[in-house]
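No lab work stands behind these numbers, since they all come straight from the coordinates. Not measured: the values here are computed from a predicted model. Please note: Cβ atoms are built from the backbone with ideal geometry, for glycine as well, and neighbour counts cover all protein chains shown.
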Ligand code: G4P
């Protein structure tokens with residue numbers, strides 16, 4: 001395969017995720033996208049919520065009992081000549097670092113808003129990660145088929161609260177709740193939507209000429225035309241470069257459930273979301289997409305499915321062609337890794353992957369020794385920058401409940417640490433028998449407790465620590481910090497870095513004020 005072919009394959013790929021607050025409609029939108037792209041025959045086939053046929057992984061009882069999806073899957077579908085890789089961000093109010101890490105592996109994100117609610121807490125947190133990583137964001141305002149807010153007000157909120165300049169690509173005719181159709185701002189075409197009989201499946205679409213639309217839609221048409229004129233006047237047009245650099249966001253309106261405006265969203269992803277581009281290594285040199293294979297582990301998951309009790313490392317391909325069976329080098333150790341068991345994961349279903357290109361995600365099974373952030377390459381060397389750890393806000397001391405299980409306890413904790421299921425910290429105060437677990441969301445602890453008992457046969461007890469804020473520090477500052485009231489210094493077992501933890505931000509501020517000489521560096525904020 002020539003490098004030209006790799007370039008062609010890379011150029012048609014779009015690798016993206018949907019960021020939203022729970023209930024904004026991410027699962028519904030995922031179904032609708034897949035339906036349009038003809039990956040799945042009927043709406044309802046993607047989501048694993050109760051009563052629906054699920055392919056989203058449900059590997060644990062916690063997931064089943066709570067009806068949430070903790071693990072993430074990759075959905076891939078063809079849309080015209082484009083190949084779309086949709087990386088699922090596990091959606092739950094109490095989410096974990098996994099959700100953020102997925103955003104390290106995408107080239108664009110769809111920010112999904114509920115038309116009645118606008119920007120919500122989790123959307124904001126995830127948006128912050130996109131901004132920190134320079135991921136361009138396409139905005140989709142969902143649920144336009146039911147009462148909601150004014151479109152101009154929603155645009156204003158996006159601009160005021162997160163500083164993204166909104167550039168609507170289409171505009172709704174009819175207020176939220178009385179939605180008629182969408183005007184494409186570039187062409188002026190009006191598409192009227194109707195519900196498909198029975199609800200499921202594609203909506204009916206009819207392109208209606210302006211003259212007829214004015215007569216048939218009456219006041220709704222008039223209002224939309226006035227707003228469109230206003231948008232033209234204020235110059236709310238998309239600047240492609242500004243979108244790619246993360247200062248503009250194209251905005252589309254629609255409704256995922258009745259399938260309104262979903263095709264326009266797919267077309268926008270195809271036309272605007274960046275294809276995989278040269279990825280800079282740690283030394284700053286971008287690795288061309290047609291260089292020999294290189295990729296990075298962004299997620300490690302064990303026990304994803306009862307039927308597949310194994311460990312799966314998800315790798316985002318950054319350059320070259322991956323061929324199953326090829327021998328790769330594991331950059332951190334220099335060890336060779338044979339890739340006999342490469343897979344794609346489509347929800348619960350897995351299939352063997354023989355080839356993959358930049359933008360794709362491959363799963364390597366039983367990839368012991370692979371840790372989040374590790375680089376793998378066929379010919380190198382290359383090392384991609386580490387995937388940042390997010391600022392933990394919840395801390396627990398964990399101990400084995402059964403002293404005869406000390407070995408299993410250690411093994412389980414080490415494994416969960418390597419996966420990044422939770423951050424494991426060593427504390428001089430408490431010793432190796434009682435490490436501190438640090439998490440972005442408390443659900444992570446439940447997952448740890450469950451897996452320690454059922455997967456590693458080492459039941460644990462946990463006790464909460466009253467810290468909520470962490471800062472990175474260094475060996476020079478650590479002793480002085482450790483002596484301060486209410487402050488503790490912990491060591492991340494994974495990389496030996498030092499974290500100073502504080503009960504709250506007021507205590508942190510006081511320490512910063514009183515000891516300006518001490519090193520206290522913010523971690524990438526999770527919220
Ligand atoms: P999530 O994954 O973001 O948590 O959201 P999900 O797709 O599960 O959607 C949350 C609720 O919003 C669902 O209703 C879903 O049917 C509804 N919904 C999603 N998109 C639209 C839309 O465009 N229009 C309208 N009217 N509703 C939409 P539910 O009653 O909570 O769940 P279900 O019983 O219908 O599954």
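Only helices enter the 222 nm calculation for the chain: every DSSP H run of n ≥ 4 contributes -39,500 (n - 2.57), and dividing by all residues gives -7500 deg cm²/dmol, rounded to 500. Note on residue 379/residue 4: beta-carbon distance plugged into 1/(1 + (r/R0)^6) with R0 of 22 Å gives a FRET efficiency of 0.75. Specify whether the C-alpha gyration tensor of the stretch 394-522 places it in the rounded, prolate or oblate class, a ≥ b ≥ c being the square roots of the eigenvalues: rounded for a/c under 1.5, otherwise prolate if a/b is larger than b/c and oblate if not. Prolate is the answer for the stretch 394-522, as a/c is 1.5 or above and a/b outweighs b/c. Derived value for the chain: Kirkwood hydrodynamic radius 24.5 Å. Basis is the mean of 1/r over every pair of different alpha-carbon atoms. The DSSP beta bridges internal to the chain are antiparallel in roughly 75% of cases.
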